[in-house]
Amino acid sequence: MFFRSALITITFLLFLQPGLHSIHAGENGQSEPDPKRNKLIGYMISRQLPVMHFSDKQMDDQLSEAAFTLYIKQLDYQKRFLLQKDIDQLTAFSTYIDDNLKRGTISLPDAGYAILNERIGQVEKMVEEIIAAKVDPHAKGTIESDPEKIGYATNMDELRARWHKIVQVQLNNRYLDLEEDNKKAKSPKTEKELWDDTYERVAKRNQNFFHRLHQETLQDHYDRYFNAVTRAFDPHTNYIPPAGKEQFDINMRGSLEGIGALLREDDGLIKVVRIIPGSASARQGQLEVEDIILQVAEGADEPVDVTDMRLRDAVRLIRGPKGTEVRLTVRKPDGVKDIVPITRDVVQIEETFVKSAVIDGLDDDKIGYLHIPSFYRDFEKNGSQGGRNSSDDTRRALAELVEQNVDGVILDLRNNGGGALVDAVEIAGFFVDHGPMVMVKNSNGAQRILEDTSYGVEYEGPLVVLVNKFSASASEIVAAALQDYGRAIIMGDPYTHGKGTVQTIIDLNDNIPLLHLRKYDDLGALKVMIQKFYRVNGGSTQWKGVEPDIVLPSLLKHIESGERYLEYALPWDSIDPVEYKPVSAKLDIDELRERSMARVAADKGFQTIREEARNAEERAEDTLVSTDLDDIRAKLAEAKQARDKIGKYYKKFSEDEDVDDDFTADNSTEAEREKEWLEEVMQDPYIMEGANVISDIRGL
C-alpha cells in the first residue's frame, strides 16, 4: 500500500561517507576515557540498532563475529604491526561482543590498544635500527601491496624482514624524487649528498608517522570499536563520535564557524596553507600563508601550546562560535613572533557548492555546464539566516544558464557522494513537470512515494547527466529519475556506486535511557540505515547502481569501488513500479549511443584513456611491488609516461608534480582558482563528449 507525500525537510540523509573516527579527549589528546560513558554508549548501540536498522539483524554471535572482523581490519589493516599470535589472543573476544555490550563489560578495545601500542613501540625501534644500519637499494625482493593476500607475521624476525623491505621502498622512492629535483637544481648535489638527504628525510618521515600513532588514545580505539559494531549491520551505519559529528554537520551544510584558514601539520608544527578569500582571517589581514601557529587562546584566556598537537585537536581549539575571539600566537617565516586576534565568523567552503559555466559545443552550440559536488543542506539555518542548500543554489545557477540562452545543459554528478534527500527530489523536479521521483520502503514494509509537487520546470531543453562509480545515493536518485522519465541521457562509467539506502542521525544525548541521572560528556551520534529507496520503475539502485545510456572509457575501470565490493552491503531487489508519465518526446538512445561511440572510438584522447585503463587494470592485478631501485625507477617512468599521455587530452592529469609533498602552500587568488577550474572543464573529455551528445539531441 503506497501513500503519497510531498517531501518535508527531515534529517534523512543519503550520503556515501566512510566511517568517521575521532577523539573525545582533553586538549592534549591523552586524557583517560570515562568507562561509564563508554559502557552507556555500548549499551545504547546494542539496544537501539537492532530495533531501528532496516535489516532486522539481531545482536548475536554472528553479528559479533562480523564486528570483530571489521575491528581487527581497522586495527592493523596492512598487517605491519600485529603478529598472528596477537590475533589469536584477540579472537577469544570474537563471539562475546554482543554479550559484553549488553552487560557493559567491554574489554576488546583495551586489549587491542595495549597489544597494538606494544607492537608499535617495537616496530618503531626496529625501523630506527634498519635506517641506521643502511639498506642496499638494489637488494632484490618484493612486497605484497594487497593485505588480503598476506597473513600476519608469525614472529618478530618475520616482521623485521617485512619492515626492511618497506623501508627500502621508502628510501628508494624518496631518492628518486630527490634525483628528479636535482636535475633541475642550479647547484646539483652529489650522489652521496642525495642519499644522505634521503636517509634524513625518510627518518624524519617515520618519526612523524610513529609520533602520530603514539598520539592515538584509548578513546580513539573505543570509538572505532563502536563503529565496527555498527558497520556489521551495513557499511553506512556508523557510530559518530563528538568531533566526527561536528565534521559531518560541516560537510552537510558546506560551512563552519571559524577563522577561514586551511592548515596543515608539518613536522609537528601547524602551518597555514591557505587563507580563504572573504573569511575572518582575510579581513583581519595579519595571518598569512606559511605562518606557524604556536599557541591558541580563547579571547583573554591562557594560551594553549599546539606544538606537536594533532591537527584535528588544534583545529577544534581554533574553531568556535561566530562573534567570539581567538588569539593565535604565530611565528612568521622570518622568525618574528606575533599575536593575531581574529573574530570568528561563518566560513563558506566554496569548493562544496554548485558551480556553473557556459562552454562551446558542436556547430557553435552554447552548452551550460552545472556541477553539483554534493546535495548539501544546512538543516540549522534557512536561506534568510545565511544557510545554503543545493536546491536553491542549483535553481539560481540554472536560471543564469537559461538567461544566457544555452542550447543544452550538462549536469555533472561525478564524484557526488549524495547528501540530503529533500534536495535530490527537488533538483530532479527542476527538469520534470511534477510527479513521483523516488519510492521509499521501511523495514516493516510500509512504502511511500516522494514527489515533486511543483508544476512546470526550471529547464526543458536537452539534458545530459555525467556519472561515475563514485556517484552515489542522492546522485543516483536524480540520475535514475531523469533516466526513467526519459528526460536525460545518462553518460559515464558502466555503473554508479549502488547505494540505495536512507540514513538518519540519532543523537545519543537525546536518547539516554531512563534512570541514568548522571550527566555525561557528549555521547556522539548514530547514523542508522532505516530505509531503502526504489526508482519509479520499481528497481532499487542498491548494489546495482544506475547503468548509463552511454558508457564511456574510464580510467577508474580497475578500481574496485561500489556497494558490490563492500562487506555486509544489502542486496538488490525490486518492488512494484509507481504510475508515472515519461516525457512525450522520446530520445533515440540507440542512435545517440551509436554516434557517441563512433566519436569516442576516433578520439585520440579517449583512445589514450582506454589504452591506459587497460594498462592500469593489468598493473592493479599485479600487486607485488619490487624493492629494487632500478625496478622502481622503471615503474615510475612508466607511470609518468602514462600520465603525460593522458595529460595531453585531460588537463586534470597534466599538473606539474614536481612539488615537495612535505608542505605546499596555496598562494593563488580566487580569480586564479576560478580560471584554473574553467580550464579543467574546457579540457575534460567527458564534459566535451557530453556537449557533443547535446548537439546530437538538437540535431535529431
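The values are calculated or read from the model by the stated rules, or taken from the named source; none is laboratory data. Remember, it's a predicted structure, so these values are computed and weren't measured experimentally. Note that each Cβ is placed from the backbone with ideal geometry, even for glycine, and that neighbours are counted across all protein chains shown. The accessibility values were calculated without ligands, DNA or RNA, using every heavy atom of the protein model including side chains. Shrake-Rupley method; radii C 1.70, N 1.55, O 1.52, S 1.80 Å.
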**Prompt:** Can you spot a residue in the range 126-137 that is modelled with pLDDT of 95 or more, part of a loop (DSSP other than H, G, I, E, B), open to solvent by 10 Å² or more (accessible area, probe 1.4 Å) and on the phi > 0 side of the Ramachandran plot?
**Reply:** yes
**Prompt:** Quick one: residue 293 ticks every box in (1) surrounded by fewer than 15 Cβ atoms within 10 Å (Cβ to Cβ); (2) free of Cβ contacts under 8 Å to residues at least 40 places away in the same chain bar one, so which box is it?
**Reply:** (1)
**Asked** Out of curiosity, is residue 521 open to solvent by 20 Å² or more (accessible area, probe 1.4 Å) and acidic (Asp, Glu)?
**Response** yes
**Long-range neighbours under 9 Å by Cβ, at least six apart or interchain, first residue farther than 13 Å from residue 229 by Cβ and open to solvent by less than 10 Å² (accessible area, probe 1.4 Å) within the range 45-62, second in a loop (DSSP other than H, G, I, E, B) and basic (Lys, Arg)** = none
**Tally of residues being surrounded by fewer than 17 Cβ atoms within 10 Å (Cβ to Cβ), more than 18 Å from residue 41 (Cβ to Cβ) and of a type outside the set (Val, Ile, Thr) across the range 88-103** = 3
**Message:** Please pick out the residue among 557, 499, 544 that is under 28 Å from the mean Cα position of the chain (by Cα), of a type in the set (Lys, Arg) and open to solvent by less than 70 Å² (accessible area, probe 1.4 Å).
**Reply:** 499
**Qualifying residues in the range 404-424 (those that are assigned to a loop (DSSP other than H, G, I, E, B) and among the charged types (D, E, K, R)) - the one farthest from residue 495 (Cα to Cα)** = 407
**Complete:** Of (1) within 29 Å of residue 380 (Cα to Cα); (2) without any contact (Cβ under 8 Å) to a residue 40 or more places away in the chain, residue 314 satisfies every one except (2)
**Asked** Of 313, 393, which residue is out of contact with any Ser or Thr (no Cβ under 8 Å at 6 or more places or on another chain), at pLDDT 95 or above and not in a loop (DSSP other than H, G, I, E, B)?
**Response** 393
**Prompt:** How many residues are under 26 Å from the mean Cα position of the chain (by Cα) and either among the aromatic types (Phe, Trp, Tyr) or open to solvent by less than 60 Å² (accessible area, probe 1.4 Å) (or both) when one looks only at the range 626-648?
**Reply:** 4
**Request:** Within the range 106-120, track down each residue that is touching a residue at least 24 places away in the same chain (Cβ under 8 Å), within 22 Å of residue 45 (Cβ to Cβ) and out of contact with any Gly (no Cβ under 6 Å at 6 or more places or on another chain).
**Result:** 108, 109, 110, 112, 113
**Request:** Among the residues of the range 173-203, write down those that are in a helix (DSSP H, G or I) and aliphatic (A, V, I, L, M).
**Result:** 176, 178, 194, 202, 203
**Asked** Assuming residue 532 fulfils every condition listed in (1) closer than 23 Å to residue 506 by Cα; (2) surrounded by fewer than 19 Cβ atoms within 10 Å (Cβ to Cβ); (3) of a type in the set (D, E, K, R) apart from one, which condition is it?
**Response** (2)
**Prompt:** Within the range 333-353, can one find any residue that is in contact with a strand residue (DSSP E or B) (Cβ under 8 Å, 6 or more places away or on another chain), assigned to a loop (DSSP other than H, G, I, E, B) and under 30 Å from residue 680 (Cα atoms)?
**Reply:** yes
**Prompt:** Which condition breaks for residue 594 when tested against (1) touching a residue at least 40 places away in the same chain (Cβ under 8 Å); (2) open to solvent by 60 Å² or more (accessible area, probe 1.4 Å); (3) under 28 Å from residue 647 (Cα atoms)?
**Reply:** (1)
